[in-house]
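One structure is given here, and the rest of the page talks about it.
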Amino acid sequence: MLFAHDTTTALAWLAALVNTELEGEEQLNTPADLDDLLTTWSMSGRRLGTRAELAEVRAVRSRIATAWDATEPAELAAIANELFADHAGRPCLTRHDQQDWHLHLTDSEAPVASRIGSEAALALTDLIRADGLDRLQRCIADDCTAVFVDLTKNRSRRFCETGNCANRAHVAAYRRRRRAAHES
Ligand SMILES: [Zn+2]
Ligand SMILES: [Zn+2]
């Protein structure tokens, strides 16, 4: 196991959050969109369902997304420190939904954006401590910029899981080989 269960879950969640806005294509357009996403990812605690809350989440999402552009651990650390400074409150061990004991840096009444931001800071901390900068990857498919976290042992993952990109690339490569064989 690379990371504790909560870090693995948090990293997958952060990638999914970042993937809600790729190349200007916004998927979190309404508070209801946000509510669905938070439910899908078992985000505990209070939700207001307001446009202001949505705007705050979009803002923290933009900052989390910069982690995927970091080229050295110090940059990741700076992002994590900024998120800690702006969003962390009182640490508290908790368990909820299907998730066993893990650390929250805010109470359940804190704004959603702060709970997301502080969770991101914690997950990035684990990643930095494990020298895992290169686990933050972007899909290499031609028409896809989705981010993902490569948790394979040998860091071999190249495609995201959001758009079936690996399959499409394999089919395209197969067709190219067939065409080449046919033409030769
Ligand atoms: Zn939690
Ligand atoms: Zn992709």
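Of the residues making up region 109-130, not a single one is closer than 23 Å to Ala4 by Cα, assigned to a strand (DSSP E or B) and not small (Gly, Ala, Ser).
Matching residues to (1) away from ligand 2 (no atom under 13 Å from the Cβ); (2) within 24 Å of Leu17 (Cβ to Cβ); (3) modelled with pLDDT under 90; (4) out of contact with any Cys (no Cβ under 7 Å at 6 or more places or on another chain):
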| position | (1), (2), (3), (4) |
| --- | --- |
| Leu136 | yes, yes, no, yes |
| Cys139 | no, yes, no, no |
| Phe148 | no, yes, no, no |
| Thr152 | yes, yes, no, yes |
| Arg157 | no, yes, no, yes |
| Cys160 | no, yes, no, no |
| Ala169 | no, no, yes, yes |
| Arg179 | yes, no, yes, yes |
| His182 | yes, no, yes, yes |
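All told, Trp41 meets the bar of being open to solvent by 70 Å² or more (accessible area, probe 1.4 Å), of a type in the set (Phe, Trp, Tyr) and closer than 16 Å to Ser118 by Cβ. When Glu109 is tested against (1) within 12 Å of ligand 1 (Cβ to nearest atom); (2) modelled with pLDDT under 95, only condition (1) is not met.
Criterion applied to Thr162, Thr152, Thr145 was being touching a Leu at 6+ places or on another chain (Cβ under 7 Å), in a loop (DSSP other than H, G, I, E, B) and of a type in the set (Ser, Thr, Tyr), and the one residue passing it is Thr145.
Quick one: count up the residues across region 78-108 that are in a helix (DSSP H, G or I) and surrounded by fewer than 17 Cβ atoms within 10 Å (Cβ to Cβ).
5
The values are calculated or read from the model by the stated rules, or taken from the named source; none is laboratory data. For clarity, every value in this text was computed on a predicted model and none was experimentally measured. Backbone-built Cβ (ideal geometry, glycine too); neighbour counts: all protein chains shown. Surface areas here come from the heavy atoms of the whole protein model, side chains and all, with no ligands, DNA or RNA. Shrake-Rupley method; radii C 1.70, N 1.55, O 1.52, S 1.80 Å.
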